[in-house]
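The values are calculated or read from the model by the stated rules, or taken from the named source; none is laboratory data. A quick note: this is a predicted structure, and the numbers were derived from the prediction, not measured. Don't worry about glycine lacking a Cβ; one is built from the backbone with ideal geometry, like all the others, and counts go over all protein chains shown. The area values use the complete protein model at the heavy-atom level, side chains included, leaving out ligands, DNA and RNA. Shrake-Rupley method; radii C 1.70, N 1.55, O 1.52, S 1.80 Å.
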Amino acid sequence: SIFDDVDAIIYVGGLSPKLEGEEMRVNYKGFKGGDRTSIELPETQRQYIAELAKTGKPIIFVHLSGSAVALAPEAEICDAILQGWYAGQQGGTAIADVLFGDYNPAGRLPVTFYASDADLPDFGDYDMPGHTYRYFQGKPLFPFGFGMSYTTFEYSDLQVAQDGAEFVVSYNVKNTGKMAGAEVSQVYVKDNVSSLVRPEKELKGF
C-alpha cells in the first residue's frame with residue numbers, strides 16, 4: 001500500500017470561495033447562487049475521508065471554509081481537525097506552523113458549528129429561535145467560542161463585584177502545561193429573571 005511508510009495523513013478539504021458568496025452562478029449540490037442549501041461537508045469529500053480512515057493511519061483534517069460546515073462523521077473519524085478558513089497567501093505557512101507545533105493556536109470560533117442540517121430550522125426561516133449560539137438549544141458539534149491549545153490553563157479565584165449598574169468579573173489564569181500559549185477568556189451571561197424571550201447566553205466580554 002502507498003500508505004505503508006506514512007506516519008500520518010494530512011487531508012486538506014472543505015469549501016471554496018468559488019462556491020460560497022453573494023449572487024454567484026453556482027448550482028452544485030448543497031449550493032444555490034452562492035447560498036448554502038446544506039451545511040454538510042460535500043459528499044465526495046466525506047466518502048474520501050472514510051476511505052482514508054480504512055488505512056488505520058492518523059488523519060489530520062485541515063478544513064477550509066468561509067462559514068460553518070457540519071463535520072460530525074469527520075470529528076469521529078479524524079484524529080484532529082484544524083479550521084483554516086480562507087487563510088490567504090501565507091496560509092500554508094501558518095497552518096504548517098500549527099501542525100508542527102511551532103505555533104500554539106489560540107483562536108476561537110466566531111460562529112457555531114452544528115452537527116448536521118437537522119439541527120437548523122428551515123433555511124428560509126429568519127426568526128431567531130434555533131439560530132446562532134444565542135438561541136440554539138441543541139448540542140452543537142463545536143460551539144461558538146470553542147478552540148483548543150497545545151497547553152492547558154487553570155482558572156481560579158473567581159470574583160464578581162457590583163459597581164453601580166456594572167458587574168466586575170476577575171479571576172486568575174495560569175498556564176499549567178509545558179508550552180507557552182495564549183488563553184482567550186470569555187464571559188457569557190444569561191437572563192433567568194425576565195419573562196421575555198431572551199438568548200440562551202450572550203458573550204459580554206473576552
note = Filtering segment 81-94 down to residues that are surrounded by 14 or more Cβ atoms within 10 Å (Cβ to Cβ) and either in contact with a Cys (Cβ under 7 Å, 6 or more places away or on another chain) or not in a loop (DSSP other than H, G, I, E, B) (or both) yields 81, 82, 83, 91, 94
The one condition in (1) open to solvent by 40 Å² or more (accessible area, probe 1.4 Å); (2) assigned to a loop (DSSP other than H, G, I, E, B) that residue 76 fails to fulfil = (2)
Qualifying positions in segment 112-131 - at pLDDT 90 or above and loosely packed, with under 14 Cβ neighbours inside 10 Å = 118
remark   = Going through segment 21-76 in order, the residues found to be among the hydrophobic types (A, V, I, L, M, F, W, C) and farther than 30 Å from residue 101 by Cβ are 24, 26, 31, 39
remark   = Among the residues of segment 1-20, the number that are of a type in the set (Gly, Ala, Ser), within 24 Å of residue 112 (Cβ to Cβ) and modelled with pLDDT of 95 or more is 2
request  = Take segment 33-57 and flag every residue that is closer than 23 Å to residue 88 by Cα and either assigned to a helix (DSSP H, G or I) or acidic (Asp, Glu) (or both).
outcome  = 35, 45
request  = Kindly provide the set of residues from segment 21-50 that are more than 21 Å from residue 116 (Cα to Cα) and at pLDDT 90 or above, ordered by number.
outcome  = none
request  = Could you check, for segment 149-166, whether at least one of its residues is in a loop (DSSP other than H, G, I, E, B), touching a residue at least 60 places away in the same chain (Cβ under 8 Å) and under 17 Å from the mean Cα position of the chain (by Cα)?
outcome  = no
request  = State all residues of segment 1-32 that are assigned to a strand (DSSP E or B) and under 19 Å from the mean Cα position of the chain (by Cα); if no residue qualifies, say none.
outcome  = 10, 11, 12, 13, 14
inquiry  = With surrounded by 14 or more Cβ atoms within 10 Å (Cβ to Cβ) and over 12 Å from residue 15 (Cα atoms) as the only criterion, which of 97, 102 stands out?
reply    = 97
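Which one of 190, 178, 201 is in contact (Cβ under 8 Å) with a residue 40 or more places away in the chain and charged (D, E, K, R)?
201
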note = Restricting attention to segment 64-73, the residues that are under 15 Å from residue 20 (Cβ atoms) and in a loop (DSSP other than H, G, I, E, B) number exactly 5
key: Scope segment 132-148; condition touching a Lys or Arg at 6+ places or on another chain (Cβ under 9 Å), open to solvent by less than 50 Å² (accessible area, probe 1.4 Å) and part of a loop (DSSP other than H, G, I, E, B); matching residues   = 144, 145, 147
inquiry  = Here's a check for you: in segment 150-195, which residue that is surrounded by 10 or more Cβ atoms within 10 Å (Cβ to Cβ), of a type in the set (D, E, K, R) and at pLDDT 95 or above is farthest from residue 81 (Cα to Cα)?
reply    = 174
Residue 26 being in contact with a Gly (Cβ under 9 Å, 6 or more places away or on another chain) and open to solvent by less than 60 Å² (accessible area, probe 1.4 Å) = yes
inquiry  = Residues to consider are 3, 31, 61; find the one that is open to solvent by less than 40 Å² (accessible area, probe 1.4 Å) and out of contact with any strand residue (DSSP E or B) (no Cβ under 7 Å at 6 or more places or on another chain).
reply    = 31
